[in-house]
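Everything on this sheet refers to the single structure shown next.
The values are calculated or read from the model by the stated rules, or taken from the named source; none is laboratory data. In this text, all values refer to a predicted model and were calculated from it rather than measured experimentally. Because the Cβ atoms are built from the backbone with ideal geometry, glycine has one as well, and the counts that use them run over all protein chains shown.
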Amino acid sequence: MNHPDRKFWWALGCLSGVYVLLLAMLLLADLQYASLLRFGSLLASPTLRYSLWLSLISSLISTILAMWVAVPLGYLLSRAHFRGKAILDAFVDIPIIVPPVVIGLSLVILFRQSILRPVDDWMPIAFHVPAVVIAQFTVVTAFATRTMRSTFDDLSPRQEQVAMTLGCSRSQAFWAVVLPSARTGLLTAGTLAWARAFGEFGPVLMFAGAIEQKTEVLPVSIFLQLSTGDIETAVAISLVMIFVAVSVLLIVRSAVGSKAI
């Protein structure tokens, strides 16, 4: 590395190091504040175990559902040309640009004060476990769609066109050529969607509520502990979330390669 390049990399490292240092200080502050005794009591708490289980399961389900929508929607926005595409493209961004609490409030109105109320009366959704999944799904699908569209935009359509020239239909070319080429994007979108769902708070609180051992996920648990002034428990739960999220990320990266995510 020559002298001018060394200065350039040092400048980038210093600027990047400010943010990395901030993250490290945040984690160290949390670790210093929480006590080992608090972790022991938390792990023995049925409420925390239920919240952790619900967070993991609901995040997984909402991510699977989100990917089933994000892949075709991202492909449609990337490859298709139709009237109103710009409007659809902007519409997909609504869960990203509006405050999360607005999404939660809108879900409550839709299921309790609108055309879907008969459905909710017949099969309870609002303020029940399905509301957790729906709230997470509504938000994370937008992020997954953006990732998938960028993935498909970066893929050259040439191989797809060659496959269709050789006799494949558009559907066959999609499954045989496009999806295998988009593997990295699929893994990235799925991981980011899961992480976002795992930490989702506003829409879940508004639409599912904070019912102990029913709809209480870990972010809601943190909020409830803070509202009662139990900061130490809130910090301990936060560290549990960080540990779980980082562990999942490391497992995925070790399984598929660090460059994928």
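The table below lists the values:
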{"item": "Qualifying residue in the range 95-106 (condition: in contact (Cβ under 8 Å) with a residue 60 or more places away in the chain and either part of a loop (DSSP other than H, G, I, E, B) or not assigned by TED's automatic domain parsing to the domain that holds residue 194 (or both))", "result": "yes"}
{"item": "All positions within the range 156-195 that are under 22 Å from residue 63 (Cβ atoms), crowded, with 17+ Cβ neighbours inside 10 Å and hydrophobic (A, V, I, L, M, F, W, C)", "result": "174, 178, 182, 186, 187, 189, 192, 193, 194, 195"}
{"item": "Which listed residue is over 30 Å from residue 161 (Cα atoms), surrounded by 13 or more Cβ atoms within 10 Å (Cβ to Cβ) and of a type in the set (Gly, Ala, Ser), from 78, 45", "result": "45"}
{"item": "So residue 49, is it among the charged types (D, E, K, R), more than 19 Å from the chain's Cα centre (by Cα) and not in a helix (DSSP H, G or I)", "result": "no"}
{"item": "Single match in 103, 94, 125 (criterion: surrounded by fewer than 18 Cβ atoms within 10 Å (Cβ to Cβ) and more than 16 Å from residue 68 (Cβ to Cβ))", "result": "94"}
{"item": "Residue in the range 231-238 that is in a loop (DSSP other than H, G, I, E, B), assigned by TED's automatic domain parsing to the domain that holds residue 66 and more than 22 Å from residue 136 (Cβ to Cβ) present", "result": "no"}
{"item": "Total residues in the range 78-132, condition in contact with an Asp or Glu (Cβ under 7 Å, 6 or more places away or on another chain) and within 30 Å of residue 157 (Cβ to Cβ)", "result": "1"}
{"item": "Residue under evaluation residue 206, criteria (1) in contact with a Phe, Trp or Tyr (Cβ under 8 Å, 6 or more places away or on another chain); (2) in a helix (DSSP H, G or I), criterion not met", "result": "(1)"}
{"item": "Members of the range 9-31 that are at pLDDT below 85 and either within 14 Å of residue 242 (Cβ to Cβ) or touching an Asp or Glu at 6+ places or on another chain (Cβ under 7 Å) (or both)", "result": "29, 30, 31"}
{"item": "Residues satisfying the stated conditions in the range 220-232, i.e. buried (at least 21 other Cβ atoms within 10 Å of the Cβ) and not hydrophobic (A, V, I, L, M, F, W, C)", "result": "221"}
